[in-house]
Amino acid sequence: MGNIIARGLQAAVLGLALLGSAGAKAPNIVFILADDLDAAAAAQMSTVKKLITDEGTNFRHHYVSLSLCCPSRTTTLRGQFSHNTGIFKNELPDGGFGAFYAKGEETSTVATWLTDAGYRTALFGKYLNGYPEGGPSNSYIPPGWTEWMSPVAGTPYKGFNYTMNHNGSMEDHGKADADYLTDVISNAAAQFIRNSVDQHPDKPFFIYLAPYAPHAPAIPAPRHENMFKNLKVPHGPSFNESDVSDKPNWVRTLPLLTADKIADMDKLYRKRRQSLLAVDEMVENIVNTLQAKGELENTYIFFTSDNGYHQGQHRLDSGKMTGFEEDLLIPMSVRGPGVPAKRTVEQITANVDYAGTFAEIGGAHVPDFVDGRSLVPFLNGQTPSSWRAALLLENKDGASPTLRNADSPLEPSDPFEMRIKPAGDGQGIDGFMGLRINDGTTYLEYTTGEHELYNNSSDATQLRNSYTIASPLSKQRLASWLAALKNTAGAELRAAEVRAP
């Protein structure tokens, strides 16, 4: 109860500050969520840097708790870890839109909370993997959304030839340049801003803008397909790692990457960078539209990703889902009313914190089931006196999902990680739970009984698994801390994050 009261008081203080500077209307929120965008690639996006990062605050240690699209997006909508949402995969039975819908979790999301607080809400682009399969129909619109535009058929991952559910009506898009998906949702979001300001001047708005870029196959806009012709995937210290004897068995069994495999990786790396150019332009379009309508100074703009991405590190083919830093670390920067420019936050923050943050900005009620924290103090230039010292990491063993290709509106398969294996059997990643600690430590416990322990401060590329040489006391401390987090929820979970037991 005390936590709820404290959140309410903090929201009231924020609201009073905004009333004094921006009139009676609550602030707008624009949440831009790229797909499979790792922090290293995001750092190359010049427009995002110029218009958001340099004009606001950058969260340097921002993570996902599970590096996969649907679980991450569910966490974003609900502010819960996967062990509390029950969404661990992109497909049934442990994930996908079908599971989310069947559990009834759509009835309480940040969209419904903000709607109840008086916001106009809109989603443009990718929703949850598998949508609309498992729902009532292709025209289904989840609760809480004033405006809805999301693909339901065709090949949206290729950027062309898809069908969009736009407010319950089906819109077919072909292969013309104007049908390029990133541009379509960019223009739709800009029009929503104009309509909101012109027709509903007293109502704030929340936009969830979710391009498919740079997710594979990462088809760029035609105007960008000749860019970066000589670009190749970076070869850092862990690229095609020669000695993986310290790694768990699922890594030790990987062969070295061949020249052909690396050449394919180079092609995908270039296409990912090319596809992000339209996302950069989308950011500029949104900022310019807000400026033209006089709303820029009263709008929070968040830029982030649903998960990180690896290409070649530790012999891994292109993909995500591991506990390595490339997959967990994501970009996140925010500009908006009172947000300090060129400030960097060093504390560990995560995708589980979005929902509570949006709710507090909008003066909405935060349900008790929320696990995350509000980032509002950081947006006000403050550092909370008490904050998490460790973030829970999780993944789950399970049967391999159906392999998909890019000719499906559902999630195409990544070359390796999408083949989730049953516990200890077959090729793929074993399930794990772990901790990413503020002191730079990554600790993983696998279902096979194996462990990983990295000091990211001295070993940033995670070449040395130091679990075998760690002291018994350190191992016990880490195991106890993880045990205190992995089955908890809400206020109890937040309390356990602050210090080791």
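Scanning region 115-135 for residues that are in contact with a Leu (Cβ under 7 Å, 6 or more places away or on another chain) and under 15 Å from Val30 (Cα atoms) returns Thr121, Phe124, Gly125. When you scan region 236-248, do you find a residue that is within 30 Å of Gly338 (Cβ to Cβ), crowded, with 21+ Cβ neighbours inside 10 Å, among the small types (Gly, Ala, Ser) and modelled with pLDDT of 95 or more, even just one? Looking for residues that are within 30 Å of Gly338 (Cβ to Cβ), crowded, with 21+ Cβ neighbours inside 10 Å, among the small types (Gly, Ala, Ser) and modelled with pLDDT of 95 or more, one finds none in region 236-248, hence no. Residue count for region 47-62 satisfying the condition of being over 20 Å from Leu329 (Cβ atoms) and either buried (at least 22 other Cβ atoms within 10 Å of the Cβ) or in contact with a helix residue (DSSP H, G or I) (Cβ under 6 Å, 6 or more places away or on another chain) (or both): 2. No other residue among Ala26, Ala11, Ala17, Ala6 is at pLDDT 95 or above and among the small types (Gly, Ala, Ser) apart from Ala26. Within region 235-249, the set of residues being assigned to a loop (DSSP other than H, G, I, E, B) and either within 29 Å of the chain's Cα centre (by Cα) or of a type outside the set (D, E, K, R) (or both) comprises His235, Gly236, Pro237, Ser238, Asn240, Glu241, Ser242, Val244, Ser245, Lys247, Pro248. Of everything listed in (1) without any contact (Cβ under 8 Å) to a residue 40 or more places away in the chain; (2) in contact with a Lys or Arg (Cβ under 9 Å, 6 or more places away or on another chain), the single unmet condition for Ala355 is (1). Selection of region 425-436 for residues being without any contact (Cβ under 8 Å) to a residue 60 or more places away in the chain and closer than 22 Å to Glu497 by Cα yields Gly431, Met433, Leu435.
In this structure, Ala111 does satisfy being touching a Phe, Trp or Tyr at 6+ places or on another chain (Cβ under 6 Å), within 23 Å of Val152 (Cβ to Cβ), among the hydrophobic types (A, V, I, L, M, F, W, C) and modelled with pLDDT of 95 or more.
Within region 256-276, is there a residue that is crowded, with 16+ Cβ neighbours inside 10 Å, at pLDDT below 95 and not charged (D, E, K, R)? The answer is no; no qualifying residue exists. Those helices (runs of 4 or more DSSP H) of region 66-178 in which 3 or more residues are crowded, with 23+ Cβ neighbours inside 10 Å occupy 69-78, 96-102, 110-116. Residues in region 277-297 that are surrounded by fewer than 16 Cβ atoms within 10 Å (Cβ to Cβ) and in contact with a Pro (Cβ under 6 Å, 6 or more places away or on another chain): none.
Scanning region 472-494 for residues that are loosely packed, with under 14 Cβ neighbours inside 10 Å and over 18 Å from Thr442 (Cβ atoms) turns up Pro472, Leu473, Asn487, Glu492.
Inspection of region 181-202 identifies no residue that is part of a strand (DSSP E or B), of a type outside the set (Ser, Thr, Tyr), closer than 25 Å to Asp280 by Cβ and without any contact (Cβ under 8 Å) to a residue 40 or more places away in the chain.
The set of residues in region 55-108 being among the charged types (D, E, K, R), over 17 Å from the mean Cα position of the chain (by Cα) and modelled with pLDDT under 95 consists of Glu91, Asp94. For first residues located in region 310-329 and farther than 12 Å from Thr442 by Cβ, partners that are part of a loop (DSSP other than H, G, I, E, B) and basic (Lys, Arg) and lie 6+ apart or on another chain with Cβ distances below 8 Å form the pairs His310/Lys320; His314/Lys247. Among the residues of region 378-389, just one is under 21 Å from the mean Cα position of the chain (by Cα), over 16 Å from Glu497 (Cα atoms) and not aromatic (Phe, Trp, Tyr), namely Leu379.
Reported count of residues in region 95-130, each being in contact with a helix residue (DSSP H, G or I) (Cβ under 9 Å, 6 or more places away or on another chain) and of a type in the set (Asp, Glu), is 2.
The values are calculated or read from the model by the stated rules, or taken from the named source; none is laboratory data. These numbers come from a predicted model, not from an experiment. Every residue, glycine as well, gets a Cβ built from its backbone with ideal geometry; the counts of neighbours run over all protein chains shown.
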